[in-house]
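First up is the structure itself, then whatever we jot down about it.
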Amino acid sequence: MEGKALINRADAYRLLTEYNTQDSLIKHGLAVEAAMRAYARKFGEDEEKWGITGMLHDIDYERHPDIEEHGKVGAAILRAHGYPEDIVYAVEAHNDYHGLPRTDLLSKTLFACDEITGLITATALVRPNKSIIGLEASSVRKKMKDKAFARGVNREDIIKGAAELGVDLTEHIAFVIAAMASIATELGLGT
């Protein structure tokens with residue numbers, strides 16, 4: 001079965017929720033999907049493919065959170081379901097532990113969007129209104145400096161991701177905030 005036939009959001013969402021029951025992981029997938037779709041539009045790439053890559057990048061995380069397995073198991077799941085090899089590769093390459101170079105734009109963008117969505121979500125949730133609407137990149141940058149805040153978010157990966165993608169970090173944060181704000185209600189970050 002050729003993966004191209006399987007590239008549709010409804011099937012991808014069913015797969016995401018089959019492997020993930022935690023609301024936070026599902027929302028993280030949706031946040032990365034929104035960022036990837038926005039970058040696909042910016043770069044003139046396949047928005048559906050890029051969005052699905054973002055949605056499914058952590059498909060294995062709930063069951064396989066160990067750094068040695070995460071990404072590798074997810075890639076195997078997607079391969080078994082007939083997803084195209086570039087999506088499979090991007091999912092595996094988003095975990096640096098596996099040592100796969102991110103040489104294509106899809107892999108670079110996925111890596112750049114992953115950790116920053118977590119930091120943006122955490123920053124929005126500590127605001128009085130718990131909303132992403134009106135959140136400024138400068139607020140996220142300030143929280144990024146506080147090592148005790150959102151400890152699970154890898155700041156080095158955020159910096160490295162923007163650099164690999166060749167974008168200014170503050171502009172990248174603002175871009176991802178805008179993408180996530182477009183689905184704020186779905187992420188539980190609306191007003």
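Only residues in region 115-141 that are β-branched (Val, Ile, Thr) count as the first member; pair them with residues that are at pLDDT below 95 and assigned to a loop (DSSP other than H, G, I, E, B), Cβ under 6 angstrom, at least 6 apart or cross-chain, and list the lot.
Ile133/Thr191
Hey, among Glu18, Glu47, which residue is out of contact with any helix residue (DSSP H, G or I) (no Cβ under 7 Å at 6 or more places or on another chain), surrounded by fewer than 21 Cβ atoms within 10 Å (Cβ to Cβ) and either modelled with pLDDT of 95 or more or within 15 Å of Asp114 (Cβ to Cβ) (or both)?
Of Glu18, Glu47, the one residue that is out of contact with any helix residue (DSSP H, G or I) (no Cβ under 7 Å at 6 or more places or on another chain), surrounded by fewer than 21 Cβ atoms within 10 Å (Cβ to Cβ) and either modelled with pLDDT of 95 or more or within 15 Å of Asp114 (Cβ to Cβ) (or both) is Glu18.
Which of the residues that make up region 50-86 are surrounded by 21 or more Cβ atoms within 10 Å (Cβ to Cβ) and farther than 19 Å from Leu25 by Cα?
Scanning region 50-86 gives a single hit, Tyr83.
Which of the residues belonging to region 129-149 are part of a helix (DSSP H, G or I) and among the hydrophobic types (A, V, I, L, M, F, W, C)?
Ala137, Val140, Met144
Can you tell me how many residues in region 94-114 are hydrophobic (A, V, I, L, M, F, W, C) and free of Cβ contacts under 8 Å to residues at least 60 places away in the same chain?
Looking only at that region, the number is 2.
Looking at region 30-50, is at least one residue more than 16 Å from the chain's Cα centre (by Cα), more than 21 Å from Ala162 (Cα to Cα) and not in a helix (DSSP H, G or I)?
no
Out of Leu78, Leu25, I need the residue that is closer than 26 Å to Ala181 by Cβ, in a helix (DSSP H, G or I) and among the hydrophobic types (A, V, I, L, M, F, W, C). Which one?
Leu25
Mind checking which residues of region 81-126 are over 22 Å from Ala40 (Cβ atoms), among the small types (Gly, Ala, Ser) and part of a helix (DSSP H, G or I)?
Passing the criteria: Ala122, Ala124.
Check region 150-158 and report whether any residue there is assigned to a helix (DSSP H, G or I) and under 20 Å from Lys42 (Cβ atoms).
Yes, that holds for at least one residue.
Just for region 159-170: of the residues that are touching a residue at least 12 places away in the same chain (Cβ under 8 Å) and part of a helix (DSSP H, G or I), which one is surrounded by the fewest Cβ atoms within 10 Å (Cβ to Cβ)?
Once the filter is applied, the top-ranked residue is Thr170.
So which of Ala31, Ala93, Ala40 is buried (at least 21 other Cβ atoms within 10 Å of the Cβ), in contact with a Lys or Arg (Cβ under 7 Å, 6 or more places away or on another chain) and aliphatic (A, V, I, L, M)?
Ala93
The values are calculated or read from the model by the stated rules, or taken from the named source; none is laboratory data. Note that this is a predicted model, so its numbers are computed, not measured. Don't worry about glycine lacking a Cβ; one is built from the backbone with ideal geometry, like all the others, and counts go over all protein chains shown.
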